[in-house]
Amino acid sequence: MRNMLLIMPLLAMILGGCQTKTLSAEDFLYAYRSGGMPDENSSPGASKYLGREGDYQMVLITGGAPAMVFVNEQGRKIRCRADALPADFPRGFVTLGTGESTFESSEDTREYVREYLARVGSPGQKTKPPTISPDADDWGKAK
C-alpha cells in the first residue's frame, strides 16, 4: 500500500506530461481560433493563450466544453514550435469571439488560418527577392 502511494504521483506526472500535444503551425492556429482540434468532430470550444514556454507557444483549448473550465485551468494543452509561427503571433492572430462572430465552419476557420499564414508568412518560409526589370521605363525599379 505504501509503495502504491509513491507510484501514484509518479504515474500522474508521467500521464500529465503526455497531455500536451505538439501540432503543426496550421493545426495549432486552427485549434487556437476554434477552441477544438482540427481532426475531431466536436462543437466549438474556447481557447486561452498560455504564453511561451522555452521553444514552444502554448494554448489551452476546451474542445466543446464550457469556457468555465478555464477557472480551474482544465482543458487540453497544445503547443507549436515558436519558430514555426509568424513573428506577430499572438498579437496579429484573431480568435473567434474577439471582434468576429463566435462561430464559423471548420472550412472557414481553415481558410482564415491559411490566409493568415500566407499574408504574414511563417518564419521558415523564404521570400523571393525582387527582380529588376531591364525595360528602359522601369529600369532600377523592383517588381
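We did not get these values from a lab; they are worked out from the coordinates using the rules stated. Values in this document were obtained by computation on a predicted structure and should not be read as measured data. No Cβ is skipped: glycine too gets one built from the backbone with ideal geometry, and neighbour counts run over all protein chains shown.
Among Val94, Val59, Val120, Val113, which comes first, then next, by fewest other beta-carbon atoms within 10 Å?
Val94, Val120, Val113, Val59
Could you give the length gained on full extension between Ser106 and Tyr49, defined as 0.36 nm per residue of separation minus the Cα-Cα distance, in nm?
The Ser106-Tyr49 span can extend by a further 18.5 nm.
Just grab the label-to-label distance for Lys21 and Gln74, each label 7 Å out from Cα along the Cβ direction, in nm (one decimal).
Each label point is offset 7 Å from its Cα along the Cβ direction, giving 1.9 nm.
Find out how many positive minus negative residues lie around Ser106, taking Lys and Arg as positive, Asp and Glu as negative, among other residues whose Cβ is under 11 Å from that of Ser106.
So the surrounding residues net to -4.
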